[in-house]
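Enquirer: Before I ask anything, let me first share the structure, which is written out below as structure tokens.
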Amino acid sequence: TIKTSEEIEKMRIAGKLAADVLEMIGPHIVPGISTGELDKICHEYIIQEQQAIPAPLNYKGFPKSICTSVNQVICHGIPSDDKILKKGDIVNVDITVIKDGYHGDTSAMFYVGEVAAHADRLCKITQECMYKGISQVRPGAYLGDIGAVIQQHAESNYYSVVREYCGHGIGKQFHEDPQVLHYGRAQTGLQLEEGMIFTIEPMINAGKRDCKVLNDGWTVVTKDRKLSAQWEHTCLVTANGVEILTLRSDEKVPF
Ligand SMILES: CCc1ccsc1-c1ccc(O)c(O)c1
Ligand SMILES: [Mn+2]
Ligand SMILES: [Mn+2]
């Protein structure tokens with residue numbers, strides 16, 4: 001749906017709050033902390049400090065307030081007191097908050113201590129995929145333009161694009177139309193219009209694109225158990241391009 005200026009203002013607030021949670025949790029991500037503890041810290045911050053609601057909790061039955069996806073986990077990792085982070089791990093923390101009825105959805109990769117060069121490279125290229133996708137956003141552009149540049153950057157670096165999960169429209173609902181695929185052909189699909197708001201959240205695998213869901217019914221892992229990375233921003237289509245609603249205060253847009 002095309003958001004009104006009043007709705008856009010509320011989405012700016014929700015987006016900023018989601019970004020603030022990621023900035024808050026970063027320093028806590030050190031060897032020895034559990035993902036269950038990260039969930040507790042974020043939950044308390046969202047509820048008490050932000051007087052907001054964590055959207056994942058009880059969404060389709062998800063049991064926690066954030067998603068924490070470590071190493072070969074592609075997405076929807078369930079925080080656990082038994083999952084202790086160790087040096088060399090890469091972890092995606094995915095935050096969605098609801099404030100005044102509107103959603104802000106963002107995620108980032110964090111390094112636990114020093115990580116291997118190949119892990120660092122995957123995280124960096126994946127962030128570049130997200131930014132390249134965002135750089136295509138303007139009125140009149142096509143959803144296929146976003147998918148094509150993400151796929152091109154990933155595959156030219158010998159990585160693969162997960163296809164089973166995608167970005168999405170967002171507003172009063174966590175997930176709205178359109179689906180935003182992270183692969184595709186330029187100049188195809190829906191045309192973007194000023195006032196549209198959606199996420200771009202590419203999941204890029206070091207190995208093959210195939211994935212599977214574990215017996216917990218949530219955790220999505222790479223079939224070949226190689227590493228996966230993901231970054232996510234909530235984006236607004238503006239008259240002259242794009243506004244990233246979940247930009248962090250220390251984050252520079254590289255285009
Ligand atoms: C945990 C929330 C959830 C449950 C089913 S899909 C999903 C989810 C998680 C992160 C997201 O960015 C998203 O758009 C959806
Ligand atoms: Mn998310
Ligand atoms: Mn999302």
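Enquirer: Of the conditions (1) in contact with a helix residue (DSSP H, G or I) (Cβ under 8 Å, 6 or more places away or on another chain); (2) free of Cβ contacts under 8 Å to residues at least 40 places away in the same chain, Glu49 clears all except one; give me its number.
Expert: Just one mismatch for Glu49, condition (1).
Enquirer: Which of the residues belonging to segment 189-206 are more than 20 Å from the chain's Cα centre (by Cα) and more than 15 Å from Gly133 (Cβ to Cβ)?
Expert: The answer is Gln191, Glu193, Glu194, Gly195.
Enquirer: Let me ask something else. Take residues that are in contact with a Lys or Arg (Cβ under 6 Å, 6 or more places away or on another chain) and open to solvent by 10 Å² or more (accessible area, probe 1.4 Å) and tell me which of the strands (runs of 3 or more DSSP E) falling wholly in segment 15-129 contain 1 or more.
Expert: Correct list: 102-111.
Enquirer: While we're looking at this one, here's another question. Kindly provide the set of residues from segment 75-91 that are under 20 Å from Cys211 (Cα atoms) and away from ligand 1 (no atom under 16 Å from the Cβ), ordered by number.
Expert: Those that are under 20 Å from Cys211 (Cα atoms) and away from ligand 1 (no atom under 16 Å from the Cβ): Asp89, Ile90.
Enquirer: Residues in segment 158-175 that are under 17 Å from Ile95 (Cα atoms) and not in a loop (DSSP other than H, G, I, E, B): how many?
Expert: Total satisfying the criteria: 3.
Enquirer: Can you pull out every residue in segment 146-188 that is open to solvent by 20 Å² or more (accessible area, probe 1.4 Å), within 15 Å of the chain's Cα centre (by Cα) and more than 23 Å from His118 (Cα to Cα)?
Expert: Glu164, Tyr165, Cys166, Phe174, His175, Gln179, Leu181
Enquirer: So which residues in segment 189-212 are under 29 Å from Asn240 (Cα atoms) and more than 16 Å from ligand 2 (Cβ to nearest atom)?
Expert: Selection gives Gly189, Leu190, Gln191, Leu192, Glu193, Glu194, Gly195, Met196.
The values are calculated or read from the model by the stated rules, or taken from the named source; none is laboratory data. What you are looking at is a predicted structure, and each value in this text was computed from that prediction instead of being measured. So basically every Cβ, Gly included, is an ideal-geometry build from the backbone, and we count neighbours across all protein chains shown. Only protein heavy atoms, including side chains, enter the accessible area calculation; ligands, DNA and RNA are left aside. Shrake-Rupley method; radii C 1.70, N 1.55, O 1.52, S 1.80 Å.
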